[in-house]
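The values are calculated or read from the model by the stated rules, or taken from the named source; none is laboratory data. Predicted model, so just to flag it, every value in this text is computed and none were measured. Counting neighbours? That spans all protein chains shown, and the Cβs are built from the backbone with ideal geometry, glycine included.
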C-alpha cells in the first residue's frame, strides 16, 4: 500500500494587488513545466489550478514517459510537483479560472470564487475533462453508476457487472483497473477497431472476464435510482442488445477547459485553443500549451514539451515588450 | 518491514515538527475477522514514533465495548484523532493512498485547534442547534477525495456539534450498498443529505446548514 503526502511547500504568498509577469492557468504537465522554465528565468509568476497534476492523476500506469520505464500518473506528477516547489512559485490551488479579460496593463484572470489577478501575459494550460456520452439516462444516473473516473470508482464495483465505453488507452486502462474488482466487463467501442496501445489490448484480452463489442454504440442507460442496464446497437444494423450492468464507466475522450477564454482567443471546431508553433494564441500576450490546445497528440511528454516552449515564448515576449519600453 | 518508506517517514517527521497540543490516536482493533486492523495499528504506531507529541492508545473493539461506546465507534478498523478535546474526527478503514494526507492533516489540525475556515463560515457554524454527522466515503486511489475529507474535518474542528467519519468504501460494502455509493467522494450528512464530489467551503457549509434545518 502506498502512503501519499504532498510535497512540502515553502509558501510564496499569492497577492491580488500585484502585477505578475505571467499567470499560468493549470498545473498539469504543461503548466508545471512552464512554471519551472519561468522560475529559472526569475520571472514573477502565479499558477492557478484546481489541482496539482491534472489528468495524469487518474492514469494508473505510464510506460512512455522517457526516463521512466514504468511510473504511475500520480507518482510522475509528484515528481513534477517536487521540481516546481524547488522554486519560489506562487501557487493558488483549489481554484478554477472563470474568466480572462484584457486591461491596459495586460490581463485579468478571475476565479470561480470571485478573486481577480493581474499579469502582463498569460499561459493557458488548463487541460481537458471527460466527455459525456450524451445519451438518455446518462445525466440522471451520474453518481448512481455512471462514472467518469475509473481510477476513483473502480473499487466500488466489486463483483458487479460493468460496461466500459471507449476504445482508447483510457478505456483499456479502466478495464485493466476493473479486472481486480468487477464481475463481467463489457467493452463497448463505436469504432470497428480499438485505438488503444496494443500492450493494453493484449492485457485486457488475456482475461476471460472481458467481452468486447467493437462497432457498437450506446443508445440508452437505464435504471430508476441506479444503473440497471444499457442498450447497445451494432453499427452494422441488427437488433438492439440489452446488457445488465451496475456501472457504466465512460472513457470516450475529453473536452477542453477553454470556456473562460471563449470570445477572447480563437478556438477551433473542437473548442481547443488555436496556437502556432511558438504557442502563441490569436491574442498577443496570451500563450497556451498542452491538451487544451489544437496541438495534435495528447500525451504527457508532448504537453510538458509544449509547456516549456510556451514559457520561453512568453519570456521572449516580455523581453521584447520591455525593450520596446511598453511594460 | 516498516509500512512507511524512509522518504515518507522523513516527510511525516517534518510535518509533525510544529505540533502544539498533544495528539492521541485512539485505535480500535480486533485480533480476528479484521483484515486491515493489524496494518492500521502498525501505521499509527509508526507515525507516533516520529513525534513526541503523538501517542497511540489501542482498544479491542469487543472487549473494550465501553470505550467504543464512549467514542461512538461502531465499526473497525477505526481511528479517533483526539487533541485537547475530541473534535469528532474518525477514520474507518486504513487511511492509505491519498487519504494518508488527510490523516496527517487531521493530526496537525486537532493539535492546533485551528480550522482555517473563513470568518463568515465560523459565524454560520455558531448558529447550529443540532448534532451533524458527516460521512465521507472514499477510495484510496481517488485524488479528489482528500479535499472532501479535509473540508469535513475543518467543519468538525469549528463546531462541537459536528462529527465526521472518513469511510474507506471497499472495506465496508454494506455501507456502500446502504448509501448507494457509486462515485467518490460521496458525502452523507445526517442520513438526509447526499452529494458527490469535493465542494468548496461555502457550498459544503450550505449543505450542513440545510441538514441542521431539517432536524425536527
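Scan region A:17-32 and tell me whether some residue there is in a loop (DSSP other than H, G, I, E, B), more than 13 Å from chain B (Cβ to nearest Cβ), touching a strand residue (DSSP E or B) at 6+ places or on another chain (Cβ under 8 Å) and surrounded by 23 or more Cβ atoms within 10 Å (Cβ to Cβ). Talk me through it step by step, then tell me what you get.
Initially, region A:17-32 is screened for residues in a loop (DSSP other than H, G, I, E, B), giving A:17-18, A:26-28.
Still in the list and also more than 13 Å from chain B (Cβ to nearest Cβ): A:17-18, A:26.
Filter once more, keeping what is touching a strand residue (DSSP E or B) at 6+ places or on another chain (Cβ under 8 Å): A:18, A:26.
Filter again for surrounded by 23 or more Cβ atoms within 10 Å (Cβ to Cβ), leaving A:26.
Yes, region A:17-32 has at least one match.
I'm trying to understand the selection: among the residues of region A:94-114, which are within 14 Å of chain B (Cβ to nearest Cβ) and under 19 Å from residue A:288 (Cα atoms)?
If the condition is that a residue be within 14 Å of chain B (Cβ to nearest Cβ) and under 19 Å from residue A:288 (Cα atoms), then A:95, A:96, A:98, A:111 are the ones that fit.
Out of the residues in region B:12-28 that are within 14 Å of chain A (Cβ to nearest Cβ) and surrounded by fewer than 19 Cβ atoms within 10 Å (Cβ to Cβ), state the one that is modelled with the lowest pLDDT.
As a first pass, look at region B:12-28 and keep what is within 14 Å of chain A (Cβ to nearest Cβ): B:12-18.
So of that shortlist, the ones also surrounded by fewer than 19 Cβ atoms within 10 Å (Cβ to Cβ) come out as B:13-14, B:17-18.
Working: B:13: 95, B:14: 93, B:17: 92, B:18: 86.
Of everything passing the filter in region B:12-28, B:18 is modelled with the lowest pLDDT.
Of all residues in region B:103-116, which are within 14 Å of chain A (Cβ to nearest Cβ), surrounded by 18 or more Cβ atoms within 10 Å (Cβ to Cβ) and either touching a strand residue (DSSP E or B) at 6+ places or on another chain (Cβ under 6 Å) or closer than 16 Å to residue B:159 by Cβ (or both)?
B:106, B:107
Given the structure, is residue A:185 more than 14 Å from every other protein chain (Cβ to nearest Cβ), out of contact with any helix residue (DSSP H, G or I) (no Cβ under 7 Å at 6 or more places or on another chain), crowded, with 19+ Cβ neighbours inside 10 Å and modelled with pLDDT of 95 or more?
Values: more than 14 Å from every other protein chain (Cβ to nearest Cβ): yes; out of contact with any helix residue (DSSP H, G or I) (no Cβ under 7 Å at 6 or more places or on another chain): no; crowded, with 19+ Cβ neighbours inside 10 Å: yes; modelled with pLDDT of 95 or more: yes.
Spelling it out, it is not the case that residue A:185 is more than 14 Å from every other protein chain (Cβ to nearest Cβ), out of contact with any helix residue (DSSP H, G or I) (no Cβ under 7 Å at 6 or more places or on another chain), crowded, with 19+ Cβ neighbours inside 10 Å and modelled with pLDDT of 95 or more.
Which of the residues spanning region A:229-245 are part of a loop (DSSP other than H, G, I, E, B) and buried (at least 22 other Cβ atoms within 10 Å of the Cβ)? Step through it out loud before you land on a result.
Here is the first cut: in region A:229-245, the residues part of a loop (DSSP other than H, G, I, E, B) are A:235-240, A:245.
Correct list: A:245 only.
List the residue pairs whose Cβ atoms are under 7 Å apart, where the first residue sits in region A:146-158 and is more than 7 Å from chain B (Cβ to nearest Cβ), the second is surrounded by fewer than 23 Cβ atoms within 10 Å (Cβ to Cβ) and assigned to a loop (DSSP other than H, G, I, E, B), and the two are 6 or more positions apart or on different chains.
Close Cβ pairs satisfying both conditions: A:146/A:138; A:154/A:181; A:157/A:181; A:157/A:246.
Just for region B:180-212: of the residues that are at the interface with chain A (Cβ under 8 Å from one of its Cβ atoms) and touching a helix residue (DSSP H, G or I) at 6+ places or on another chain (Cβ under 7 Å), which one is surrounded by the fewest Cβ atoms within 10 Å (Cβ to Cβ)?
Applying the filter and picking the extreme gives B:183.
Tally up the residues in region A:154-192 that are more than 26 Å from residue B:180 (Cβ to Cβ) and touching a strand residue (DSSP E or B) at 6+ places or on another chain (Cβ under 6 Å), please.
Summing the residues that are more than 26 Å from residue B:180 (Cβ to Cβ) and touching a strand residue (DSSP E or B) at 6+ places or on another chain (Cβ under 6 Å) in region A:154-192 gives 4.
Which of (1) surrounded by 17 or more Cβ atoms within 10 Å (Cβ to Cβ); (2) in contact with a helix residue (DSSP H, G or I) (Cβ under 6 Å, 6 or more places away or on another chain); (3) not assigned by TED's automatic domain parsing to the domain that holds residue A:174 is the odd one out, the single condition residue A:292 does not satisfy?
Of (1) surrounded by 17 or more Cβ atoms within 10 Å (Cβ to Cβ); (2) in contact with a helix residue (DSSP H, G or I) (Cβ under 6 Å, 6 or more places away or on another chain); (3) not assigned by TED's automatic domain parsing to the domain that holds residue A:174, only one is false for residue A:292: (2).
Please go through region A:134-153 and give me each residue that is surrounded by fewer than 24 Cβ atoms within 10 Å (Cβ to Cβ) and in contact with a strand residue (DSSP E or B) (Cβ under 6 Å, 6 or more places away or on another chain), ordered by number.
Matches in region A:134-153: A:135, A:136, A:137, A:138, A:141, A:143, A:148.
Quick check, is residue A:75 surrounded by fewer than 22 Cβ atoms within 10 Å (Cβ to Cβ), more than 10 Å from chain B (Cβ to nearest Cβ), over 14 Å from the mean Cα position of the chain (by Cα) and within 19 Å of residue A:92 (Cβ to Cβ)? Walk me through how you get there before you give the answer.
Working: surrounded by fewer than 22 Cβ atoms within 10 Å (Cβ to Cβ): yes; more than 10 Å from chain B (Cβ to nearest Cβ): yes; over 14 Å from the mean Cα position of the chain (by Cα): yes; within 19 Å of residue A:92 (Cβ to Cβ): no.
No, not satisfied.
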